[in-house]
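The values are calculated or read from the model by the stated rules, or taken from the named source; none is laboratory data. Just so you know, these numbers come straight off a predicted model, no measurement behind them. Please note: Cβ atoms are built from the backbone with ideal geometry, for glycine as well, and neighbour counts cover all protein chains shown. Remember, those area values only see protein heavy atoms, side chains included, never the ligands or the DNA or RNA. Shrake-Rupley method; radii C 1.70, N 1.55, O 1.52, S 1.80 Å.
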Amino acid sequence: ATEKIEAAAASAFSGLLGREASADERKRYAGFLELNLKSLSLEKSLEQLFVAILFHPEVMYRIELPPDGAKKAMLPPRDLARALAFAITDREPDETLLASAKDGRLSEPEGVCIQLRRLLTDPQVERPRLLRFFQEYFGYTSAIDVFKDPDTRKAAGLRGKNEWHPNFFVSDTDRLIESIVEADRNVLAELLTTPNTFVVTGNTKQADGVKKNATKSFSLFAQTTLNIYEIAITRQEWSDERPFSMPKEHRRGILTHPSWLVAHSTNFDNHAIDRGRWIRERLLGGRIPEIPVTVDAQLPEEPEHTLRERMRVTRDEYCWQCHRQMDPLGLPFEQFDHFGQYRTEELGKALDTGGHIEGSGDEKLDGPVKDPFELIERLAASKRVEQVFVRHVFRYFIGRNETLADGPTLIAAHKAYVENEGSFKELIVSLLSSEAFLYRTSEGEGIAGSPQNDVQKKE
């Protein structure tokens, strides 16, 4: 009977946690089951066993401790398999990855690289965290939450009640990113400069995920979306399987895509400051402090003046210390209204879309720009911008900010990106096969000088 109880406890443990119980765990959970069987029914006893196992720390946390009490060591194979799987797939490792851990093929970086490339290229493996990185990086998904009331829509020429669907723009940007990452060539530059977009892809799936008939899903009110894109296609020409080209002289990359423009706007107006801050922090690697509590950060209510004219208040000496890092980068995007529509004038006045890059750390990058397209092209061609992008990828996939000691890891990752023709996947392989990801330290120790201990990571 004791052997059967131990077998039942071990079976429940492996079924729920996906690994074999240690001798101590097997004995402890078997004892718990045996104790309950003395006073409870079999069904209730098993229920209590399942509850106890589901309270195991591994259910809520990935335990990432150096093996055998070492001060610094590579993660044990199974723990590493879980860390790799969650980093890319956001779920437990598949059978192939677990087999590699069991066979010792994850004990060296070379074996880790093999499995990473498999996870990043196998069409049967879902990789939601790749898209999620770009969603968080560009911040365009919040376009859905920027409310536009009927009067505001009417003033912008959007008159029907069904003529505003920012979810279309978000899903189209999702699909565009997925296609560029799938091609995996010059990924950052492509994202910043492509004139292409997918069209109303979010309208082709029902709530249960089953795809609708393609021609029926091209609804009548999708025409407004096409007008904002400036794409003229008929229902018969439309497909959600391929991208369409927007006018290159009016659109270039995700920073001119309606999803990004709307996300970085207010309910009633553009937000040049927020757009400029995004460029300063995400592309140029700067850091803008938060608004002091003593500052009333409001533009004057002057409906007869353009946004650029109203932003004169940010040029006050105290404010300009920070605004000089943002405003000249965001104002070129006045080329578009807060619905993401291309325009050449505001309030009947010709637009001033000039801007300026300064303090980037790259003399070739600094200087005046005449419009958002010159700004984008200069940023997309910058090695400095590439290096900052690598830093953001590091933070997302490693799970912490970089330190000075991570310099070699960042240099190697950027080199992998460049030497593989701008491959985002090879950039990830480089980062997730580095010491920064593979090794853990005990309390009080640091990896290559890092103060991070990374003992546990919550799922």
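Structure data summary
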read-out	value
Residue that is nearest to ASN267 (Cα to Cα) [pool: residues in segment 123-153 that are without any contact (Cβ under 8 Å) to a residue 24 or more places away in the chain and of a type outside the set (D, E, K, R)]	PRO150
Any hit, segment 259-267, residues being over 22 Å from the mean Cα position of the chain (by Cα), closer than 15 Å to PRO195 by Cα, modelled with pLDDT under 95 and not aromatic (Phe, Trp, Tyr)	no
Complete set of residues in segment 356-374 that are within 18 Å of ARG252 (Cα to Cα), acidic (Asp, Glu) and in contact with a Ser or Thr (Cβ under 8 Å, 6 or more places away or on another chain)	ASP371
Residue in segment 401-423 that is open to solvent by 50 Å² or more (accessible area, probe 1.4 Å), of a type in the set (Val, Ile, Thr) and either modelled with pLDDT of 95 or more or closer than 24 Å to LEU120 by Cβ (or both) present	yes
Every residue from segment 291-317 that is assigned to a helix (DSSP H, G or I) and out of contact with any strand residue (DSSP E or B) (no Cβ under 6 Å at 6 or more places or on another chain)	ARG308, GLU309, ARG310, MET311, ARG312, VAL313, THR314, ARG315, GLU317
Boolean, VAL125 is at pLDDT 95 or above, open to solvent by less than 30 Å² (accessible area, probe 1.4 Å) and part of a loop (DSSP other than H, G, I, E, B)	yes
Which numbered condition PRO328 misses (of (1) in a helix (DSSP H, G or I); (2) in contact (Cβ under 8 Å) with a residue 40 or more places away in the chain; (3) exposed (fewer than 15 other Cβ atoms within 10 Å of the Cβ))	(3)
Candidates MET74, MET60 - the one that is closer than 29 Å to VAL393 by Cβ and surrounded by fewer than 18 Cβ atoms within 10 Å (Cβ to Cβ)	MET60
Selection count, segment 8-28, where residues are touching a residue at least 24 places away in the same chain (Cβ under 8 Å), in contact with an Asp or Glu (Cβ under 7 Å, 6 or more places away or on another chain) and buried (at least 16 other Cβ atoms within 10 Å of the Cβ)	2
Any chance ARG185 is open to solvent by 60 Å² or more (accessible area, probe 1.4 Å), touching an Asp or Glu at 6+ places or on another chain (Cβ under 6 Å) and within 30 Å of ALA81 (Cβ to Cβ)	yes
Filter pass, ILE5 being among the β-branched types (Val, Ile, Thr), open to solvent by less than 80 Å² (accessible area, probe 1.4 Å) and touching a strand residue (DSSP E or B) at 6+ places or on another chain (Cβ under 7 Å)	no
Total residues in segment 366-400, condition of a type outside the set (Asp, Glu), more than 11 Å from GLY355 (Cα to Cα) and open to solvent by 50 Å² or more (accessible area, probe 1.4 Å)	8
Which numbered condition LEU158 fails, given (1) over 19 Å from the mean Cα position of the chain (by Cα); (2) over 27 Å from GLY276 (Cβ atoms); (3) open to solvent by less than 20 Å² (accessible area, probe 1.4 Å)	(2)
All positions within segment 426-443 that are in a helix (DSSP H, G or I) and open to solvent by 30 Å² or more (accessible area, probe 1.4 Å)	GLU426, GLU435
Residue in segment 203-225 that is open to solvent by 20 Å² or more (accessible area, probe 1.4 Å), assigned to a helix (DSSP H, G or I) and at pLDDT 80 or above present	no
Residue count for segment 331-357, restricted to those that are open to solvent by 50 Å² or more (accessible area, probe 1.4 Å) and out of contact with any strand residue (DSSP E or B) (no Cβ under 8 Å at 6 or more places or on another chain)	6
Residue match in segment 102-117 (condition: among the basic types (Lys, Arg), modelled with pLDDT of 95 or more, open to solvent by less than 60 Å² (accessible area, probe 1.4 Å) and at negative phi)	no
Which listed residue, of ILE288, ILE279, is in a helix (DSSP H, G or I), surrounded by 12 or more Cβ atoms within 10 Å (Cβ to Cβ) and touching a helix residue (DSSP H, G or I) at 6+ places or on another chain (Cβ under 7 Å)	ILE279
Criterion violated by SER45 - all others in (1) surrounded by 16 or more Cβ atoms within 10 Å (Cβ to Cβ); (2) of a type in the set (Ser, Thr, Tyr); (3) under 23 Å from VAL393 (Cα atoms) satisfied	(3)
Selection within segment 137-154 - touching a helix residue (DSSP H, G or I) at 6+ places or on another chain (Cβ under 7 Å) and open to solvent by 30 Å² or more (accessible area, probe 1.4 Å)	THR141, SER142, ILE144
Residues that are of a type in the set (Phe, Trp, Tyr) and under 40 Å from the mean Cα position of the chain (by Cα), drawn from segment 30-61	PHE50, PHE55, TYR61
